[in-house]
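Novice: One structure coming up, written as structure tokens, with questions to follow.
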Amino acid sequence: MSLPQTAFSLRAHAREREPKFRRATTEDLYRWQREHLQRDDQPDFVLHDGPPYANGGLHAGTSTTDAGHAINKILKDFILRFQVMQGRRVHYMPGWDCHGLPIELKALAESGNSSLSPLEIRDIARKVAQRELDGQRASFMEFGIMADWRDENTYRTMNFEYEATQLEMFAEMVAQGLIGQHFRPVYWSPSSHTALAEAEIEYDENHESRSAYVKFQLQPSDTLLNKWKVDKDIHLAVWTTTPWSLLSNMALAVHPDTQYSLVQLESGEHLLVATDLQSSLSKIPVGLANSPRRSELGELKQIATCMGRELVGLSYRFKFMTTNEHREILAAPFVTTSSGTGIVHMAPAHGHEDYDLWRDSGRMAQIGIVSPIDDYGRLRMTQQFGLTPAIQEAIMQLDGQNALQEGNQSILKLLDEHDMLLGEQPYKHSYPIDWRTKQPLLIRATAQWFADLTTVGPAAKKALKDVQFVPKTGRNRLESLIGRRSEWCISRQRVWGVPLPAVYNAETGQALLTKRNVQHILDVFREHNTMDVWWTLEPETFVAPENRSPNIRWEIKKDTLDVWFDSGSSWAALQKVLGRDLCSPEPCADVYLEGTDQHRGWFQSSLLTRIATCNGAAPYKTLLTHGFVVDDSGRKMSKSIGNVISPQTFIHGDPEKGIAPLGTDVMRWWTAKSDYTRDIPISPLIMKHASDEVRKLRSSARFLLANLGDVPRDIPLPPELGVLDRYILHELRALEQTCLLAFTEFDYAKGM
């Protein structure tokens, strides 16, 4: 009698055994399938790797550039291995995003020298990026990812050929008239000293601003004076959460269809406020927040009413205005009565809606805009003629103060001292912050380069109709984000990045940016095999011969391209690797797979750059997104909370935390069993359960293998089997088809 026998052990002994099989089952397998699975009648299955940011180690949760390194890379591996099992050759080239502010800041911090030259910064930043890249690559390899990890089979955005391809795309967008320079408001990070794109912005839901109720003196029309029958000054009650921006006031705005009330204070003073907000205005505390014995504004007696349209076109006075200035009240559809006073202070240099209204009114061309804020978020005041001496002296004392900090407080104090302040109080609201430094942003008008998306956006949405989304909700999210954008700020004021190839006439400030000149600049870069020469050669070197003149002196402002433009160009680099035409009509890749945050980032920038360059198909056939990795309480992984756990902690174990070494297979099993379309919880207890499940799976496999140990090779055909055996085979076949369908639809949890 034969007993079941098998050499398959119950325990995996992962720590000792996994390294022995890793190379054969990952790198060697990838190279084997590239050599043996090629078919003339079937193209490669291409999974394009979204480049993780080469800054810092790996963890199981979210980072600022991708949503969980472990879950992301392992899911990609499932897709690739399934395709290979179906007999199809796959193409997968891991990549890294290497430019940008965080690496530059790390380079400066590690050098301990804030006065480094651009070339010194770039040299250190390149080394930092390579070091972090190498560390991430070693960790990725431990996840059992089937890929060729050699340098020549990976891509990184700091490689010269990658950068050159990016500028080729940029030149094509210039030729189509999509790139232009404008002086307009952008999100500006005082802590990083650069403009930020929307994808680089997070929001602090508990930010507290200093909201102020300020008095502006109305110059009423004769019609209103006759209607109201008042002989005292009338002030407009204006609410703002950015008192520092009052220095840039250019107009006030009301809603034409809103009713406004003329009210009388107990002091006899007259104010104008939206009727719906009259009650809330009466309850504001008078004066500064730190004033002793503060009281509410008190009862407001309604004297008369008017509609907003009756106020449009009227003038007003404010003590920050010079004597020869004339400012008007404008009609604005964005004015609401949900909070404030229903009368909005407009600073076109510091608000997107304000800027649009100011531009559309025609006053932009006539008057321009004012912005006294420098790159560091400090107030920069100049002598103004026509102000009262007291106001002039007080304003000059603001010079050099941080607008969001002591500058705000000083302006509030100035308003109070000169009888312009009704009251101020804290206002808690959602506020934009720098995604890297976590410090508050401000909106500031600067000269930046923009990509025009007015035609690209609709074409991009049309291209998405041929894209499959998993989960399906991704379509609405991406289409919505694209639909809200009319332009893309692509310039950054840093040195670690791809140069924005514009050269300027030193006398007129006029930029030279043409496809021909970008190609000339690229030729100079190719001659030296580096873009570092942008910071060393004479500016005239980057001017094409036909544009040179002995009467013109040239200069370079040395902006760099947005890192999202960097990573968004990866589809073009992929096309070159695959030997395809840059603008071939079909999608570049079968699958893109990243975290849900990349709807705002890489998914969007890849789509926009491809449509802008080629006006064809989207770069992807299928777009998969996964959620963030969270702790067992549903909280995002955060260093401040202290709940970040590295995947290597579970793979190798951590005796101090009481975590046994579980090995890569347990990490991969946890990934496979999770519904990756939602946020994915992880904790020592969850991973222990995953380990127990893998042990049960091994136990079942061991039992089956032991019982099949002496089964002859000539297994009977189904017609020769009994009914029970045939029924079992039928059920197995149904299970196989269910699993195949699940894996085809990228539903691994169902297939497991």
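The values are calculated or read from the model by the stated rules, or taken from the named source; none is laboratory data. All figures in this text were calculated on a predicted structure; none of them were measured in a lab. FYI the Cβ positions are ideal-geometry reconstructions off the backbone, even for glycines, and counts take in every protein chain you see.
Novice: Just checking, does the stretch 124-132 include any residue being over 24 Å from the mean Cα position of the chain (by Cα), surrounded by 18 or more Cβ atoms within 10 Å (Cβ to Cβ) and not assigned by TED's automatic domain parsing to the domain that holds residue 378?
Specialist: The answer is yes, given that some residue of the stretch 124-132 is over 24 Å from the mean Cα position of the chain (by Cα), surrounded by 18 or more Cβ atoms within 10 Å (Cβ to Cβ) and not assigned by TED's automatic domain parsing to the domain that holds residue 378.
Novice: Scanning the stretch 255-284 for residues that are under 12 Å from residue 298 (Cα atoms) and touching a Gly at 6+ places or on another chain (Cβ under 8 Å), which turns out surrounded by the fewest Cβ atoms within 10 Å (Cβ to Cβ)?
Specialist: Result: 266.
Novice: Of the residues in the stretch 549-589, how many are part of a strand (DSSP E or B), more than 11 Å from residue 619 (Cβ to Cβ) and in contact (Cβ under 8 Å) with a residue 60 or more places away in the chain? It would help to see each step written out before you state the result.
Specialist: So the first thing to find is which residues in the stretch 549-589 are part of a strand (DSSP E or B), and the list is 554-555, 560-561, 589.
So of that shortlist, the ones also more than 11 Å from residue 619 (Cβ to Cβ) come out as 554-555, 560-561.
Filter once more, keeping what is in contact (Cβ under 8 Å) with a residue 60 or more places away in the chain: 560-561.
Qualifying residue count for the region: 2.
Novice: Among the charged types (D, E, K, R), under 21 Å from the mean Cα position of the chain (by Cα) and outside the structural domain of residue 606 (by TED's automatic domain parsing): is that true of residue 156 in this structure? Walk me through how you get there before you give the answer.
Specialist: Working: among the charged types (D, E, K, R): yes; under 21 Å from the mean Cα position of the chain (by Cα): yes; outside the structural domain of residue 606 (by TED's automatic domain parsing): no.
For residue 156, the condition - among the charged types (D, E, K, R), under 21 Å from the mean Cα position of the chain (by Cα) and outside the structural domain of residue 606 (by TED's automatic domain parsing) - is not met.
Novice: Name the residue, out of 671, 613, that is crowded, with 24+ Cβ neighbours inside 10 Å, assigned by TED's automatic domain parsing to the domain that holds residue 49 and either more than 20 Å from the chain's Cα centre (by Cα) or more than 28 Å from residue 479 (Cβ to Cβ) (or both). Working first, answer last.
Specialist: Numbers: 613 fails: crowded, with 24+ Cβ neighbours inside 10 Å.
None of the others qualify; the one that does is 671.
Novice: Has the stretch 576-593 got any residue that is crowded, with 24+ Cβ neighbours inside 10 Å and either among the polar types (S, T, N, Q) or outside the structural domain of residue 88 (by TED's automatic domain parsing) (or both)?
Specialist: No, that holds for no residue.
Novice: Tell me which helices (runs of 4 or more DSSP H) are completely within the stretch 663-752 and hold 2 or more residues being under 30 Å from residue 622 (Cβ atoms) and polar (S, T, N, Q), or say none if there are none.
Specialist: Working: elements: 664-673, 684-707, 723-744, 748-751.
It comes to 664-673, 723-744.
Novice: Looking at this structure, is residue 621 in a strand (DSSP E or B) and surrounded by fewer than 18 Cβ atoms within 10 Å (Cβ to Cβ)?
Specialist: Details: in a strand (DSSP E or B): yes; surrounded by fewer than 18 Cβ atoms within 10 Å (Cβ to Cβ): yes.
For residue 621, the condition - in a strand (DSSP E or B) and surrounded by fewer than 18 Cβ atoms within 10 Å (Cβ to Cβ) - is met.
Novice: Could you please find all residues in the stretch 219-267 being of a type outside the set (A, V, I, L, M, F, W, C) and in contact with a Phe, Trp or Tyr (Cβ under 7 Å, 6 or more places away or on another chain)?
Specialist: Within the stretch 219-267, 219, 235, 241, 249 qualify.
Novice: Identify, please: which residue in the stretch 83-112 is assigned to a loop (DSSP other than H, G, I, E, B) and in contact with a helix residue (DSSP H, G or I) (Cβ under 8 Å, 6 or more places away or on another chain) and is, among those, farthest from residue 50 (Cα to Cα)?
Specialist: Looking at the filtered set, the residue picked out is 89.
A quick yes/no check of all residues on (1) at pLDDT 90 or above; (2) of a type in the set (A, V, I, L, M):
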| site | (1), (2) |
| --- | --- |
| 461 | yes, no |
| 465 | yes, no |
| 476 | yes, no |
| 485 | no, no |
| 492 | yes, no |
| 503 | yes, yes |
| 506 | yes, yes |
| 510 | yes, no |
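Novice: Among the numbered criteria (1) within 33 Å of the chain's Cα centre (by Cα); (2) of a type in the set (A, V, I, L, M, F, W, C); (3) outside any loop (DSSP other than H, G, I, E, B), which one does residue 391 miss?
Specialist: Only one criterion is unmet by residue 391, namely (1).
Novice: Return the pair list, or none, for Cβ contacts closer than 9 Å from residues in the stretch 351-365 that are touching a residue at least 12 places away in the same chain (Cβ under 8 Å) and in the same structural domain as residue 326 (by TED's automatic domain parsing) to residues that are part of a helix (DSSP H, G or I) and β-branched (Val, Ile, Thr), at least 6 apart or on different chains.
Specialist: Once the first residue is touching a residue at least 12 places away in the same chain (Cβ under 8 Å) and in the same structural domain as residue 326 (by TED's automatic domain parsing) and sits in the stretch 351-365, its partners that are part of a helix (DSSP H, G or I) and β-branched (Val, Ile, Thr) give 358/367.
Novice: Something else about it: Quick one: which residue in 221, 267, 261, 209 is closer than 29 Å to residue 436 by Cα and not assigned by TED's automatic domain parsing to the domain that holds residue 514?
Specialist: Values: 221 fails: closer than 29 Å to residue 436 by Cα; 267 fails: closer than 29 Å to residue 436 by Cα; 261 fails: closer than 29 Å to residue 436 by Cα.
After applying the criteria, what remains is 209.
Novice: Right, another one. Answer yes or no as to whether residue 438 is of a type in the set (D, E, K, R), surrounded by fewer than 20 Cβ atoms within 10 Å (Cβ to Cβ) and over 19 Å from residue 104 (Cβ atoms).
Specialist: Details: of a type in the set (D, E, K, R): yes; surrounded by fewer than 20 Cβ atoms within 10 Å (Cβ to Cβ): yes; over 19 Å from residue 104 (Cβ atoms): no.
In short, no.
Novice: Here's another thing I want to ask about it. Hey, can you tell me all the residues within the stretch 127-165 that are β-branched (Val, Ile, Thr) and either assigned to a helix (DSSP H, G or I) or within 30 Å of residue 527 (Cβ to Cβ) (or both)? Give the derivation first.
Specialist: Initially, the stretch 127-165 is screened for residues β-branched (Val, Ile, Thr), giving 128, 145, 154, 157, 165.
Passing the criteria: 128, 154, 157, 165.
Novice: To continue, here is another question. Taking the options 387, 412, 421, name whichever one is touching a residue at least 40 places away in the same chain (Cβ under 8 Å), touching an Asp or Glu at 6+ places or on another chain (Cβ under 8 Å) and not polar (S, T, N, Q).
Specialist: Working: 387 fails: touching an Asp or Glu at 6+ places or on another chain (Cβ under 8 Å); 421 fails: touching an Asp or Glu at 6+ places or on another chain (Cβ under 8 Å).
Only one candidate passes the filter, namely 412.
Novice: What do you reckon, is residue 377 surrounded by 13 or more Cβ atoms within 10 Å (Cβ to Cβ) and assigned by TED's automatic domain parsing to the domain that holds residue 250? Talk me through it step by step, then tell me what you get.
Specialist: Values: surrounded by 13 or more Cβ atoms within 10 Å (Cβ to Cβ): yes; assigned by TED's automatic domain parsing to the domain that holds residue 250: yes.
Criteria met by residue 377.
Novice: When you go through 693, 736 one by one, which is the residue that is surrounded by 13 or more Cβ atoms within 10 Å (Cβ to Cβ) and not hydroxyl-bearing (Ser, Thr, Tyr)?
Specialist: Values: 736 fails: surrounded by 13 or more Cβ atoms within 10 Å (Cβ to Cβ).
When all the criteria are applied, what remains is 693.
Novice: Would you call residue 195 under 30 Å from residue 501 (Cβ atoms), in contact (Cβ under 8 Å) with a residue 60 or more places away in the chain and in a helix (DSSP H, G or I)?
Specialist: no
Novice: Under the condition of being buried (at least 16 other Cβ atoms within 10 Å of the Cβ) and not polar (S, T, N, Q), which residue from the stretch 1-28 is modelled with the highest pLDDT? Spell out the reasoning first.
Specialist: The first filter runs over the stretch 1-28 and keeps only residues buried (at least 16 other Cβ atoms within 10 Å of the Cβ), leaving 12, 14, 18, 22, 26-27.
Subset that is not polar (S, T, N, Q): 12, 14, 18, 22, 27.
Values: 12: 81, 14: 81, 18: 87, 22: 90, 27: 94.
Going through the qualifying residues, I end up with 27.
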